[in-house]
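Following: one structure in structure tokens, then a few remarks.
What follows is calculated from the coordinates using simple rules that are stated; it is not laboratory data. All values derive from a computational prediction rather than experimental measurement. Here the Cβ positions follow ideal geometry from the backbone for every residue, glycine too, while neighbour counts run over all protein chains shown.
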Amino acid sequence: MTAFDAAQLDEIYAFAVQLGKDAGRMLLEAAEARYNGLSGANGDDAHVEKMNSVDLVTQTDEDVEAYIKDQISHRYPSHKFIGEETYSKGASKDYLIDDEPTWCVDPLDGTVNYIHLFPMFCVSIGFIVNSKPTIGVIYAPFLKQLFSSCTGKGAWLNESQRLPLMRNPIPPMPPNAPKGCVFACEWGKDRRDRPDSNLHRKVESFVNMAAEIGGREGKGGMVHGVRSLGSATLDLAYVAMGSVDIWWEGGCWEWDVAAGIAILQEAGGLVTTANPPPDFETVKIEEARLGSRLYLAIRPAGPSGDESARQGQERTVREVWKRVRHLDYARPAA
């Protein structure tokens, strides 16, 4: 087991925040070069397909990850590093977070958004200690939003506003949740159009959550709204902020969620598995395992009456599980 004292964590946290700002500045400069019509490595919208036409990588992804990795390796040479582009090029798709101090980085989450100059893109930097996301930094430079957290030190927006934003008191989960909630989801990269595919299961689940109460054979959730930001990292940040009540997704990798989970948990949110277990009405709700690729997140909540904050969150989890399909995401073979 690796241990860091408070002073060491403070130093790593400050380094991670500055690194996020610097990397975010690179993203913004590359975006500005594109919309100003400049050419060059970062000045055009050239991109390469990985798995399919919505799984894309740009030179900016590559350049920002190389910069982050170089900065970390110079400052903390004994720490492990896992980044989206490094992993994508590897021969093996096996990866398990272990107890070693590990940096888990997505240099550009929301690449499709970036290519289209839709502002929901960001850099995501997570620091993991003993398999637990401990420090999280998410910077969306176009939006000028910096989310950050370190275990025991709170979760913050732009280093000054504590998360969740609605406080004193923090609102409890709605009594009839998911009714009255904002629900976030993503279409994902698996677009296979065949019966019972992940795509079809997701669509059915989205409609269940949105449909009127009593509709869909009792599965209608009547959420206030359904949001798809195009960035799992920002989905989690907005759950931590309290702007989104529920996020449900399958197919994410460690770099998509490590920083967001750190921030959300520090803000008081809950992250568990997206897939409803067979005994979902009574099973003990466990925290999601990093690397499982299946996540259900609930915003920070306050108590209400005889119900604690955690009880309200767990009640909401079970109500979501009633309405969503089981997703099938495994790590691909090498």
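As a ratio to 2.2 N^0.38 Å, the alpha-carbon radius of gyration for the chain is 0.97.
Each part gets one Cα centre, and for the range 118-194 versus the range 229-279 those centres are 7 Å apart.
Across the cross-link table entries K80/K144; K80/K284; K132/K189; K144/K189; K179/K322; K80/K189, which are compared at the Cα atoms, the separations over 22 Å belong to K80/K144; K80/K284; K132/K189; K144/K189; K80/K189.
May I ask you to give the average projected area over all directions of the convex hull of the Cα atoms of the range 182-321, in nm² rounded to one decimal? Before the final figure, lay out each step's value.
On the way: hull surface 34.4 nm².
So the mean shadow area of the Cα hull is 8.6 nm².
Along each principal axis, taking the top coordinate minus the bottom one, the Cα set of the range 256-334 gives 51, 29, 17 Å in descending order.
For a quick protection proxy, order the peptides 185-196, 233-244 by their average other-Cβ count within 10 Å, most packed first. Before the final figure, lay out each step's value.
Numbers: 185-196: 13.6, 233-244: 26.5.
Descending packing order for the listed peptides: 233-244, 185-196.
So if we plug the beta-carbon distance of K144 and K189 into 1/(1 + (r/R0)^6) with R0 = 22 Å, what FRET efficiency do we get, rounded to 0.05? Write out the running numbers ahead of the final one.
Working: r = 28 Å, r/R0 = 1.28.
Approximately 0.20, to the nearest 0.05.
Given a Förster radius of 35 Å and the C-beta distance between L199 and E287 as r, what FRET efficiency does 1/(1 + (r/R0)^6) yield to the nearest 0.05? In this case the efficiency is close to 0.80.
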